[in-house]
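The values are calculated or read from the model by the stated rules, or taken from the named source; none is laboratory data. Computed from a predicted model, the values in this text were never measured in an experiment. Neighbour counts are summed over all protein chains in view; Cβ atoms, including those assigned to glycine, are modelled from backbone coordinates with ideal geometry.
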């Protein structure tokens, strides 16, 4: 059976972006195929009764800082859209 990486991602998630910058190298290194599975994380969270991280100010600030730290570590651009959220 061929190796697969199932990547469940949301276009609005900055962390999905970060993961996607790293997946091709992981796939090459392991000989796996990436299977992209788009989801609507907001709908998943709402269905589970959870609020999104941007709805809690302290959590939103932490997520922005954490996103920037990981982007720096990966050496990828980290700029939020002025139109989001």
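Results, tabulated for the structure shown:
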item	result
Selection status of residue 43, touching a helix residue (DSSP H, G or I) at 6+ places or on another chain (Cβ under 8 Å), part of a helix (DSSP H, G or I) and free of Cβ contacts under 8 Å to residues at least 40 places away in the same chain	no
Contacts under 9 angstrom Cβ, first residue in the stretch 10-26 being over 16 Å from residue 38 (Cβ atoms), partner part of a helix (DSSP H, G or I), 6 or more apart	18/67; 18/70; 18/71; 18/74; 21/71; 21/74; 22/74
Single condition residue 34 does not satisfy, out of (1) touching a helix residue (DSSP H, G or I) at 6+ places or on another chain (Cβ under 6 Å); (2) in a helix (DSSP H, G or I)	(2)
Those residues of the stretch 1-45 which are within 19 Å of residue 77 (Cβ to Cβ), at pLDDT 95 or above, exposed (fewer than 14 other Cβ atoms within 10 Å of the Cβ) and touching a strand residue (DSSP E or B) at 6+ places or on another chain (Cβ under 9 Å), in sequence order	24
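A quick yes/no check of all residues on (1) surrounded by 14 or more Cβ atoms within 10 Å (Cβ to Cβ); (2) under 15 Å from the mean Cα position of the chain (by Cα); (3) more than 14 Å from residue 20 (Cα to Cα); (4) in contact (Cβ under 8 Å) with a residue 60 or more places away in the chain:
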position	(1), (2), (3), (4)
51	no, no, yes, no
58	no, no, yes, no
67	yes, yes, no, no
79	no, yes, yes, no
